[in-house]
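**Student:** Please read through the structure below; I'll follow up with questions.
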Amino acid sequence: MIAVTIKDIAQLANVSIATVSRVLNNSKPVRPELREKVMKAVEETSFQPNAIARSLVNKETRIIGVMIPDISNSFYSNLIYGIDSVISEYDYSMFLAISDEAVEKELKYLRLFKEKQIDGVILASIHFLEGHIQHLHEMEVPMVVTGHDLHGYQVPTVNVNNVQAAYDATAYLISQGHRRIACVSGPLWDPPCGLDRMGGYRKAMRTHGLNVPDGFAMEGDFTPKSAYEAVKKIFEENEHENELPTAIFVATDLMAVGVLNYLHDAGIRVPDDVSVMGFDNLEMASLARPMLTTIHNDPYMYGRAAGEKLLKQLRNEPFERLSTVPHDLVIRQSVRAIR
């Protein structure tokens with residue numbers, strides 16, 4: 001089968017190549033009789049425009065680059081669904097990059113985004129080092145960042161108020177009579193899950209006149225294993241002082257599963273001996289036993305908000321630089337009141 005080109009269509013319809021491009025891309029008005037001749041030639045030849053050729057005419061690829069750290073984490077897979085639900089309505093496709101939280105891979109994908117001349121970028125929970133910022137400046141395409149707010153760079157952002165949400169989670173534990181509350185945060189290189197959620201926990205403790213004992217605030221790396229080891233260390237290092245925590249705030253539901261696993265292995269009952277509070281309200285929170293009390297933070301809505309903000313930039317429509325996704329407390333079985 002011989003491939004049909006735009007030039008062939010132009011010759012068959014006896015019009016210019018520019019006229020064919022205008023008709024196929026609907027980029028400029030064309031007289032009705034010329035449009036009819038072009039469309040007749042298209043029908044006769046079963047012509048399908050090549051995407052690369054179309055992109056050269058329109059100066060767009062209709063591809064959105066999306067980078068996430070981990071596809072196995074259901075938070076990010078649901079965020080992807082949210083983005084796709086928006087961009088697919090406008091005939092955009094997704095170029096998905098999974099960085100595995102590795103700086104080298106993040107930089108490689110940023111370079112690849114630029115080489116592929118994609119139309120826009122959505123970045124979720126990546127490192128923002130000097131090299132990243134330089135690549136983002138060089139790309140010169142619309143972008144949205146989720147989770148981070150790059151202070152000083154005015155990058156459009158979709159976020160939850162992580163400090164306030166972590167404060168609310170810790171304050172709820174305090175309202176239930178808990179005074180010795182530990183925290184397992186996300187990695188501190190990740191501001192929302194690390195610095196911000198740890199900061200909200202500390203702020204709540206400070207506001208209510210409570211101290212954070214040495215060794216009660218630990219850092220995980222998003223995985224259940226890291227949280228298992230973090231809470232194991234908390235209990236082993238404080239056991240001799242008889243000052244063990246009565247509650248633990250964990251910065252993600254996935255890590256909270258690791259905490260529940262350690263407590264089960266150690267013969268510590270939840271919530272009878274220790275209460276556990278998660279964050280994100282992933283499906284696993286309601287599947288765990290006991291079912292996890294947590295902060296609802298909808299990744300699907302994150303994705304939709306990010307997709308909508310990016311499309312507004314692509315269409316030159318007004319948009320707010322910073323959007324905040326609401327959060328709320330979901331009370332289940334893993335927290336008990338003590339008096």
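The values are calculated or read from the model by the stated rules, or taken from the named source; none is laboratory data. Keep in mind it's a predicted model, so treat the numbers as computed, not measured. Counting neighbours? That spans all protein chains shown, and the Cβs are built from the backbone with ideal geometry, glycine included. Each accessible area value is taken on the protein alone, full model and side chains, heavy atoms only, with ligands, DNA and RNA left out. Shrake-Rupley method; radii C 1.70, N 1.55, O 1.52, S 1.80 Å.
**Student:** I need the full set of residues from region 198-209 which are closer than 25 Å to TYR76 by Cβ and surrounded by fewer than 23 Cβ atoms within 10 Å (Cβ to Cβ), in order please.
**Tutor:** Across region 198-209, the qualifying residue is only GLY199.
**Student:** Identify the single condition in (1) part of a strand (DSSP E or B); (2) open to solvent by 10 Å² or more (accessible area, probe 1.4 Å) that VAL212 does not satisfy, given that it satisfies every other one.
**Tutor:** The one condition VAL212 does not meet is (1).
**Student:** Among the residues that make up region 52-67, is at least one of them open to solvent by 90 Å² or more (accessible area, probe 1.4 Å) and either farther than 30 Å from ALA306 by Cβ or modelled with pLDDT of 80 or more (or both)?
**Tutor:** Within region 52-67, not a single residue is open to solvent by 90 Å² or more (accessible area, probe 1.4 Å) and either farther than 30 Å from ALA306 by Cβ or modelled with pLDDT of 80 or more (or both).
**Student:** Of the residues that sit in region 245-291 and are among the polar types (S, T, N, Q) and under 24 Å from the mean Cα position of the chain (by Cα), which one is farthest from ILE71 (Cα to Cα)?
**Tutor:** From region 245-291, those among the polar types (S, T, N, Q) are 246, 252, 261, 275, 281, 286; that's our starting set.
Now drop any that are not under 24 Å from the mean Cα position of the chain (by Cα), which leaves 252, 281, 286.
Values: THR252: 15, ASN281: 17, SER286: 21 Å.
That would be SER286.
**Student:** Another question, then. Any idea which residue in region 93-108 is surrounded by the most Cβ atoms within 10 Å (Cβ to Cβ), counting only those that are farther than 9 Å from HIS127 by Cβ and in contact with a strand residue (DSSP E or B) (Cβ under 7 Å, 6 or more places away or on another chain)?
**Tutor:** ALA97
**Student:** Then there's this: Check LEU195 against each of (1) farther than 23 Å from ILE83 by Cα; (2) in a helix (DSSP H, G or I); (3) open to solvent by less than 50 Å² (accessible area, probe 1.4 Å) and name the one condition it does not meet.
**Tutor:** (3)
**Student:** Let me ask something else. Does ALA182 satisfy being closer than 17 Å to ASN297 by Cα, of a type in the set (A, V, I, L, M, F, W, C) and at pLDDT 95 or above?
**Tutor:** Details: closer than 17 Å to ASN297 by Cα: no; of a type in the set (A, V, I, L, M, F, W, C): yes; at pLDDT 95 or above: yes.
Taking the combined requirement at face value, the residue does not satisfy it.
**Student:** Let me ask you something else. Quick test of your reading of the structure: ASP119 fulfils all but one of (1) of a type in the set (Asp, Glu); (2) out of contact with any strand residue (DSSP E or B) (no Cβ under 7 Å at 6 or more places or on another chain); (3) more than 25 Å from ASN297 (Cβ to Cβ); (4) in contact (Cβ under 8 Å) with a residue 12 or more places away in the chain. Name the failing condition by number.
**Tutor:** All conditions are met except number (2).
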